[in-house]
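K.L.:
This is the structure I want to talk about, given as structure tokens.
The values are calculated or read from the model by the stated rules, or taken from the named source; none is laboratory data. Keep in mind it's a predicted model, so treat the numbers as computed, not measured. Cβ placement follows ideal geometry from the backbone for every residue including glycine, while neighbour counts extend to all protein chains displayed. Each accessible area value is taken on the protein alone, full model and side chains, heavy atoms only, with ligands, DNA and RNA left out. Shrake-Rupley method; radii C 1.70, N 1.55, O 1.52, S 1.80 Å.
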Amino acid sequence: MNLKEKLKKGQYNEIWQEYCGFLDLDIEGYMLIQNRLMLEQIQLWSQSPLGKSVLGSKRPQTIDEFRSMIPLSTYGDYANILLQKRDDMLPAPAIVWIETTWEGGKHPVKVAPYTKGMLDTYRNNLISALILCTAKEKGVFDVKSTDKVLYGFAPLPYLTGLIPPSLNDTIGFEFLPPVSEAVKMSFSERNKKGFKLGLSKGIDFFFGMGSVAYYISQSVAEIGSGTSGGNKKSLFRCSPQMLFRLIRAKYRCKKEGRKLKPKDLFRLKGFVCAGTDNECYKDDLEDLWGIRPMELFAGTEPTCIGTETWNRNGLYLFPDACFYEFIPELEMNKSLEDESYQPQTVLMNEVVPGEKYELVISVFKGGAFVRYRVGDVYRCLGLTCREDKTKIPRFQYIDRVSSVIDIAGFTRITENSIARVIELSRLPVQNWFAAKEFTENKRPFLHLYVEIAPEALVTSAISKEILREHMEVYFKYVDNDYRDLKRILGIEPLEITIIRCGTFEEFRLCTGKSLRHINPAPYDVAELLRIQDSCYFIYRGGSL
């Protein structure tokens, strides 16, 4: 019996227990599930050609043995097999291969295999999040098979493309626009069509990446304005209830002197956002829609692994998706400074409230990735929660690891990609570093600090704007996702600051160290800027 049939029969208690019962676990019960599924995965993975290529003749029998035999891994350790889609090497056959960005300018994409067991778990955990985003308290939720979903995610082969078929198999939501049409449309066309259909049918759920959801939400004033001929025709297709709501909303907005907002037209049951930088958009999205988005955490390699609850006060990691290990912040920083260093990890029952951790996963149900460094950093918020009545750890997503700059969930900028841009541009950049920073209204951007060779400053006038425009040309060339930031979201992601000649060298002499190229420590950046601004600064490379 699928979810649609259970809803029809009113089996709400059974549904809650099936999909949200993990919230009743204590840490001992949680670890029992983790350990049982991990032992099954160790057997599958160890017997596969992929596992044998790493283990050789060794055969771990326990989780501790497995952790001691297998070093932490990154995508480069799997690339030769997975990029060729070598199904014969895997622990279990792949039903579908999911794609995402790897590293712009060097490695365009990476792919991950999804087995039948992984897809089943993905679907179940997605439904858990769907139920929880409508919940007002434990056991009380509002989901119907006739609900309408405004779809703001990317189609297959991206992970979010699995959402429609996963839900259609078990409940049969109506997506706006229909998926068969949406995949043939541009991003802008899909959004406009979705809102127009929403005016006639209503919208119950909104799934979207935080940054994309914010952009889509901004267009509702145009869609609902009725000023163009096409929009006027769409108004006649509105239900009487929606037409009345539109007229009332426009009157209220005119009276209050503000633009139309989605909440003036639609009454969402649930709002789910995924991706990075959601914290930058949640408050604005709540103002626009009248409901606070619930954060879902998913990724190409780990699948769907975490969700918030009705209280929106932290992510809980599903116990049946992956085996979780956590690299403490001190260990993480050591490994960033020394790539050969193997950081120690702790398990879910060993995390400490307030501490930050880099996530490490081993994917269950025949997944390819084991002891895999996802590249995401979380803070443990607590081991229990009185409001949710839970007894398992909950987390807050912080950001990508500091060696990666992720802007609004679109682009992953690394040292290699920036170095490639500088090389292609042939600009006389002598030293540089880049940091992810935020505007006053909490929007993320890439701040590139550059020191121009002194001879270039003497022979030509290089302004900050010329430098930025020049470098943006090459960022767009090297990184397609960077281009999409401007094309789709209208974000200006690059800010450039020109540092006085000799400052980097003076910093090295004063501190005895060099700055990391990507996201150096804030206190190091502050010290470098202080040295630049110091009236005692003397350029050691010659007179200017």
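K.L.:
Regarding the range 324-331, can at least one residue be identified that is modelled with pLDDT of 95 or more, within 29 Å of Lys282 (Cβ to Cβ) and open to solvent by 10 Å² or more (accessible area, probe 1.4 Å)? Break it down into steps so the answer makes sense when it comes.
P.N.:
Residues of the range 324-331 that are modelled with pLDDT of 95 or more, as a first pass: 324-331.
Checking which are within 29 Å of Lys282 (Cβ to Cβ) leaves us with 324-329.
Retained after the next criterion (residues that are open to solvent by 10 Å² or more (accessible area, probe 1.4 Å)): 328-329.
Looking for residues that are modelled with pLDDT of 95 or more, within 29 Å of Lys282 (Cβ to Cβ) and open to solvent by 10 Å² or more (accessible area, probe 1.4 Å), one finds at least one in the range 324-331, hence yes.
K.L.:
Just need a number here: residues in the range 42-55 that are assigned to a helix (DSSP H, G or I), in contact (Cβ under 8 Å) with a residue 40 or more places away in the chain and touching a helix residue (DSSP H, G or I) at 6+ places or on another chain (Cβ under 9 Å).
P.N.:
Taking the range 42-55 and keeping what is assigned to a helix (DSSP H, G or I), we get 42-47, 49-55.
Retained after the next criterion (residues that are in contact (Cβ under 8 Å) with a residue 40 or more places away in the chain): 44-45, 47, 49-51.
Okay, now just the ones that are also touching a helix residue (DSSP H, G or I) at 6+ places or on another chain (Cβ under 9 Å), so 44-45, 49-51.
Here the count works out to 5.
K.L.:
Here's another thing I want to ask about it. Would you pick out the residues in the range 311-331 that are outside any strand (DSSP E or B) and touching a Pro at 6+ places or on another chain (Cβ under 6 Å)?
P.N.:
Initially, the range 311-331 is screened for residues outside any strand (DSSP E or B), giving 311-314, 318-321, 329-331.
Passing the criteria: only Glu331.
K.L.:
List pairs: first residue in the range 250-267 and closer than 16 Å to Trp289 by Cα, second residue open to solvent by 80 Å² or more (accessible area, probe 1.4 Å) and in a loop (DSSP other than H, G, I, E, B) anywhere in the structure, Cβ distance under 8 angstrom, at least six positions apart or on different chains.
P.N.:
Matching pairs, first to second residue: Cys253/Lys259.
K.L.:
Also: Quickly run through the range 336-377 and pick out the residues that are part of a loop (DSSP other than H, G, I, E, B) and among the hydroxyl-bearing types (Ser, Thr, Tyr). Working first, answer last.
P.N.:
From the range 336-377, those part of a loop (DSSP other than H, G, I, E, B) are 338-345, 351-355, 364-371; that's our starting set.
Of everything in the range 336-377, those that are part of a loop (DSSP other than H, G, I, E, B) and among the hydroxyl-bearing types (Ser, Thr, Tyr) turn out to be Ser340, Tyr341, Thr345.
K.L.:
Continuing with this model, one more query. Could you check, for the range 236-246, whether at least one of its residues is among the aliphatic types (A, V, I, L, M), at pLDDT below 85 and under 21 Å from Leu288 (Cβ atoms)? Write out each step before concluding.
P.N.:
Narrowing the range 236-246 to residues among the aliphatic types (A, V, I, L, M): 242-243, 246.
Filter once more, keeping what is at pLDDT below 85: 242-243, 246.
From what's left, under 21 Å from Leu288 (Cβ atoms): 242, 246.
The answer is yes; a qualifying residue exists.
K.L.:
Please work out if Ile398 is within 22 Å of Ala274 (Cβ to Cβ) and either surrounded by fewer than 20 Cβ atoms within 10 Å (Cβ to Cβ) or in contact with a strand residue (DSSP E or B) (Cβ under 8 Å, 6 or more places away or on another chain) (or both).
P.N.:
yes
K.L.:
For the range 56-97, give me the residue count where each residue is more than 27 Å from Asp120 (Cβ to Cβ) and in contact with a helix residue (DSSP H, G or I) (Cβ under 7 Å, 6 or more places away or on another chain).
P.N.:
Adding up the residues that qualify gives 3.
K.L.:
Shifting gears a bit: Out of Glu329, Glu358, I need the residue that is over 23 Å from Leu132 (Cβ atoms), within 17 Å of the chain's Cα centre (by Cα) and of a type outside the set (A, V, I, L, M). Which one?
P.N.:
Details: Glu329 fails: within 17 Å of the chain's Cα centre (by Cα).
Result: Glu358 is the single residue among Glu329, Glu358 that is over 23 Å from Leu132 (Cβ atoms), within 17 Å of the chain's Cα centre (by Cα) and of a type outside the set (A, V, I, L, M).
K.L.:
A further question on this structure: Being within 16 Å of the chain's Cα centre (by Cα), open to solvent by less than 40 Å² (accessible area, probe 1.4 Å) and within 15 Å of Cys133 (Cα to Cα): is that true of Leu315 here? Working first, answer last.
P.N.:
On the way: within 16 Å of the chain's Cα centre (by Cα): yes; open to solvent by less than 40 Å² (accessible area, probe 1.4 Å): yes; within 15 Å of Cys133 (Cα to Cα): yes.
Judged against the criteria, Leu315 is a match.
K.L.:
Determine if the range 194-215 includes at least one residue that is within 16 Å of Leu126 (Cβ to Cβ), at pLDDT 80 or above and part of a helix (DSSP H, G or I).
P.N.:
no
K.L.:
Next question. Which one is farthest from Lys391 (Cα to Cα), of the residues in the range 1-52 that are among the acidic types (Asp, Glu) and exposed (fewer than 15 other Cβ atoms within 10 Å of the Cβ)?
P.N.:
Only one residue tops the list, namely Glu5.
K.L.:
Taking the condition part of a loop (DSSP other than H, G, I, E, B) and within 30 Å of Ala135 (Cβ to Cβ), does Met38 pass? Break it down stepwise before answering.
P.N.:
Working: part of a loop (DSSP other than H, G, I, E, B): no; within 30 Å of Ala135 (Cβ to Cβ): yes.
Considered against the rule, which asks whether it is part of a loop (DSSP other than H, G, I, E, B) and within 30 Å of Ala135 (Cβ to Cβ), Met38 comes out as no.
K.L.:
Sticking with this one: Return the residue satisfying two criteria in turn: it lies in the range 155-193 and is among the small types (Gly, Ala, Ser), in a helix (DSSP H, G or I) and out of contact with any Pro (no Cβ under 8 Å at 6 or more places or on another chain), and of such residues it is most open to solvent (accessible area, probe 1.4 Å). Before the answer, list the steps.
P.N.:
Initially, the range 155-193 is screened for residues among the small types (Gly, Ala, Ser), giving 161, 166, 172, 180, 182, 186, 188.
Checking which are in a helix (DSSP H, G or I) leaves us with 161, 166, 180, 182, 188.
Keeping just the survivors that are out of contact with any Pro (no Cβ under 8 Å at 6 or more places or on another chain) gives 166, 180, 188.
Details: Ser166: 13, Ser180: 81, Ser188: 55 Å².
Per the criteria, the residue is Ser180.
K.L.:
From the set of residues in the range 86-103 that are more than 15 Å from Ser48 (Cβ to Cβ) and modelled with pLDDT of 95 or more, which is surrounded by the fewest Cβ atoms within 10 Å (Cβ to Cβ)? Outline the logic, then answer.
P.N.:
Narrowing the range 86-103 to residues more than 15 Å from Ser48 (Cβ to Cβ): 95-103.
When the remaining residues are screened for being modelled with pLDDT of 95 or more, the result is 95-98.
On the way: Ile95: 12, Val96: 16, Trp97: 15, Ile98: 23.
Filtering first and then ranking leaves Ile95.
K.L.:
Next up: Would you be able to say whether some residue in the range 129-149 is outside any loop (DSSP other than H, G, I, E, B), open to solvent by 10 Å² or more (accessible area, probe 1.4 Å) and without any contact (Cβ under 8 Å) to a residue 40 or more places away in the chain? Can you show your working first?
P.N.:
Narrowing the range 129-149 to residues outside any loop (DSSP other than H, G, I, E, B): 129-134, 137, 140, 148-149.
With open to solvent by 10 Å² or more (accessible area, probe 1.4 Å) added as a condition, the list becomes 137, 140, 148.
With without any contact (Cβ under 8 Å) to a residue 40 or more places away in the chain added as a condition, the list becomes 140.
Yes; the residues of the range 129-149 include at least one that is outside any loop (DSSP other than H, G, I, E, B), open to solvent by 10 Å² or more (accessible area, probe 1.4 Å) and without any contact (Cβ under 8 Å) to a residue 40 or more places away in the chain.
K.L.:
Suppose we keep only residues that are under 24 Å from the mean Cα position of the chain (by Cα) and under 23 Å from Glu505 (Cα atoms) within the range 415-432. Which one would you say is most open to solvent (accessible area, probe 1.4 Å)? Walk me through how you get there before you give the answer.
P.N.:
Within the range 415-432, the subset under 24 Å from the mean Cα position of the chain (by Cα) is 415-418.
If we keep only those that are under 23 Å from Glu505 (Cα atoms) as well, we get 415-416, 418.
Values: Glu415: 87, Asn416: 70, Ile418: 0 Å².
Here the residue is Glu415.
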